[in-house]
Amino acid sequence: MRSRFLTMLLFLTISAAHAAETKEPRVIDFRSAPHSYLEWKPKDRFAELQEKALKGEVKLDTSNDKAFLTSLLEALNIPISSQIMVFSASSLQSEIINPRNPRSLYFNEDTYIGWVPGGLVEIIAADPEMGPMFYVYDRLRPGGPVPNVTRSTKCMNCHAGNATRRLPGLIAESLLVSRAGSSLETFRRDEQGHQIPLENRFGGWHLTGDHNISNHKANVMGIPQGGKNEITSVNPGQFSDLSLHLLPTSDILPNLINEHQMGFENRLVYAIYTVRQLKHENKGMMGAAAKAEIEERAQELARYIVFADEAKFPSKGIVGDPAYMKDFLRDRKMTKTGLSLKDLDMKTRMFKHRCSFMLYTDTWKAAPKELKERVYYHMALYLRDQPDAQHAHLASAERLAIRTILKETMSDLPAWWR
């Protein structure tokens, strides 16, 4: 088995050696054919919920905002413990988001809910073929019917810009904000993922829990004074009423998981659109240039999947919220001996086995075979018994554990992998 595995790796390495040099990433018009994003009938988790609601199979509680939000999260299988809070003036509702009225976010692997007290419920749900879809509920009338929901295009002003390579995507920024929530300084922008240094994240966000991160940008705002920004604290509840939210916390662990998921989703969506565009341009015939472009996307995605560039953890490690940890682990896929890709480390890194659990999402399952084959190949370079220096960040025991987990819990691995 090992001999066949190494032989195939050698063959694929030689076949990939002639790939073209890296070029500037292409800009793809997601509104036009072959994508036609705006005309697409969504197949995401929220779209499925809407169909069930129309048939009367799902009931949402409209007695008040918190009851409605709670019932919506339950219907979408999103844990309340995933709550994180941001007080920078962002989203469609920027005019009411500030340190006195933070916005709460909730999520699972494919669906994200945003809500701000006194405002609207916003949804981002991952369609397996088209990526993030954006929805907004009308304002709730307590005790009335379920509000109408519309598929939003205004979100594209931010969610299809430079930060997501001009495609529908997930974004987060790190800012020093004013009392009004507007930006005074930018600590990171146009980038998502677990590679971002922890000290550059969380500006404009609340952060709770035993994170041990020094010099982080969370829980503060700036007050302009004499040409400079005077930094002052904005601890959760200091200026806002936390009873308006489902929880008083914005724990470090869901913040970390959310960042990882955003980085995975955006990279995968860009790769999926690239393959679809290349097939369209080449009428299904993939020449050397097209294969080289797919190779570039596959290398980038594989490197991200195995956490090759994960940001350094604080020396004392990180302690996440036990409630969210329990919810996060409840659906983990395990080997016969109990190993899973969701097993947490939190001492020197996020996960014990550095291979993304996002491989179980419907978006990855539906990804083009031309892409998945090459991603699995580049993952194999990191996971083989004796990787070269470029692919050697994983210890031997960890590589073996990851290979075992993938073989026992995934059904779409290439034949040569097994």
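The values are calculated or read from the model by the stated rules, or taken from the named source; none is laboratory data. The structure presented is a predicted model; accordingly, all values stated were derived computationally and were not measured. Positions of Cβ are generated from backbone atoms using ideal geometry, with glycine treated the same way; all protein chains shown enter the neighbour counts. Please note that ligands, DNA and RNA were not included when accessible areas were found on the heavy atoms of the full protein model with its side chains. Shrake-Rupley method; radii C 1.70, N 1.55, O 1.52, S 1.80 Å.
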Completion exercise
With the first residue restricted to region 188-216 and required to be open to solvent by 70 Å² or more (accessible area, probe 1.4 Å), and the second required to be charged (D, E, K, R), Cβ contacts under 7 Å at 6 or more apart or on different chains are Arg189/Glu173; Asn212/Lys316; Asn215/Glu199
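Out of all the residues in region 105-112, is one or more in contact with a Gly (Cβ under 6 Å, 6 or more places away or on another chain), part of a strand (DSSP E or B), modelled with pLDDT of 95 or more and open to solvent by 20 Å² or more (accessible area, probe 1.4 Å)? Give the steps one after another, and end with the answer.
Initial filter on region 105-112 (in contact with a Gly (Cβ under 6 Å, 6 or more places away or on another chain)): 105.
Remaining after also requiring part of a strand (DSSP E or B): 105.
Going one step further and asking which of them are modelled with pLDDT of 95 or more, we end up with 105.
From the residues that got through so far, the ones that are open to solvent by 20 Å² or more (accessible area, probe 1.4 Å) too are 105.
Within region 105-112 (the criterion being in contact with a Gly (Cβ under 6 Å, 6 or more places away or on another chain), part of a strand (DSSP E or B), modelled with pLDDT of 95 or more and open to solvent by 20 Å² or more (accessible area, probe 1.4 Å)), the answer is yes, since at least one residue qualifies.
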Handout entry: Any chance Ile124 is under 18 Å from Gly263 (Cβ atoms), at pLDDT below 95 and touching a His at 6+ places or on another chain (Cβ under 9 Å)
Key = no
Problem - Identity of the residue in region 28-60, in contact with a His (Cβ under 9 Å, 6 or more places away or on another chain) and of a type in the set (A, V, I, L, M), that ends up least open to solvent (accessible area, probe 1.4 Å) - result: Ile28
Handout entry: Any chance Asn258 is within 30 Å of Glu39 (Cα to Cα), at pLDDT 95 or above and touching a helix residue (DSSP H, G or I) at 6+ places or on another chain (Cβ under 6 Å)
Key = no
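Could you check region 173-198 and list, in sequence order, the residues that are of a type in the set (Asp, Glu) and under 19 Å from the mean Cα position of the chain (by Cα)? It would help to see each step written out before you state the result.
Step one: list which residues in region 173-198 are of a type in the set (Asp, Glu), which gives 173, 185, 190-191.
Correct list: Glu173, Asp190, Glu191.
I'd like to know if region 118-137 contains one or more residues that are within 20 Å of the chain's Cα centre (by Cα), of a type in the set (Asp, Glu) and under 27 Å from Gly209 (Cα atoms). Can you show your working first?
To start, the set of residues in region 118-137 that are within 20 Å of the chain's Cα centre (by Cα) comprises 121-136.
The next check asks that each one be of a type in the set (Asp, Glu); those that pass are 122, 127, 129.
So of that shortlist, the ones also under 27 Å from Gly209 (Cα atoms) come out as 122.
Looking for residues that are within 20 Å of the chain's Cα centre (by Cα), of a type in the set (Asp, Glu) and under 27 Å from Gly209 (Cα atoms), one finds at least one in region 118-137, hence yes.
Take Ile252 and tell me if it is out of contact with any His (no Cβ under 8 Å at 6 or more places or on another chain), farther than 23 Å from Tyr37 by Cα and open to solvent by less than 10 Å² (accessible area, probe 1.4 Å). Explain how you work it out, then say what you get.
Values: out of contact with any His (no Cβ under 8 Å at 6 or more places or on another chain): no; farther than 23 Å from Tyr37 by Cα: yes; open to solvent by less than 10 Å² (accessible area, probe 1.4 Å): yes.
No, not satisfied.
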Handout entry: Those helices (runs of 4 or more DSSP H) lying entirely in region 292-394 with at least 3 residues in contact (Cβ under 8 Å) with a residue 60 or more places away in the chain and surrounded by 18 or more Cβ atoms within 10 Å (Cβ to Cβ)
Key = 322-329, 369-383
Practice task
Residue by residue through region 329-356, note down the ones that are touching a strand residue (DSSP E or B) at 6+ places or on another chain (Cβ under 8 Å) and within 25 Å of Asp127 (Cα to Cα).
Solution key: Leu329, Leu341, Lys342
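For residues in region 407-416 being free of Cβ contacts under 8 Å to residues at least 60 places away in the same chain and in contact with a Phe, Trp or Tyr (Cβ under 9 Å, 6 or more places away or on another chain), which is most open to solvent (accessible area, probe 1.4 Å)?
In this case the residue turns out to be Lys407.
Rundown of residues vs (1) open to solvent by 20 Å² or more (accessible area, probe 1.4 Å); (2) not basic (Lys, Arg), yes/no style:
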{"site": "Ala126", "(1), (2)": "no, yes"}
{"site": "Met130", "(1), (2)": "no, yes"}
{"site": "Phe134", "(1), (2)": "no, yes"}
{"site": "Pro142", "(1), (2)": "yes, yes"}
{"site": "Pro145", "(1), (2)": "yes, yes"}
{"site": "Val149", "(1), (2)": "yes, yes"}
{"site": "Lys154", "(1), (2)": "yes, no"}
{"site": "Cys158", "(1), (2)": "yes, yes"}
{"site": "Arg166", "(1), (2)": "yes, no"}
Exercise for the section: Could you please find all residues in region 226-244 being out of contact with any helix residue (DSSP H, G or I) (no Cβ under 8 Å at 6 or more places or on another chain) and either open to solvent by less than 50 Å² (accessible area, probe 1.4 Å) or farther than 26 Å from Trp115 by Cβ (or both)? Expected result: Gly226, Gly227, Lys228, Asn229, Glu230, Ile231, Thr232, Ser233, Val234, Gly237, Ser240, Leu242
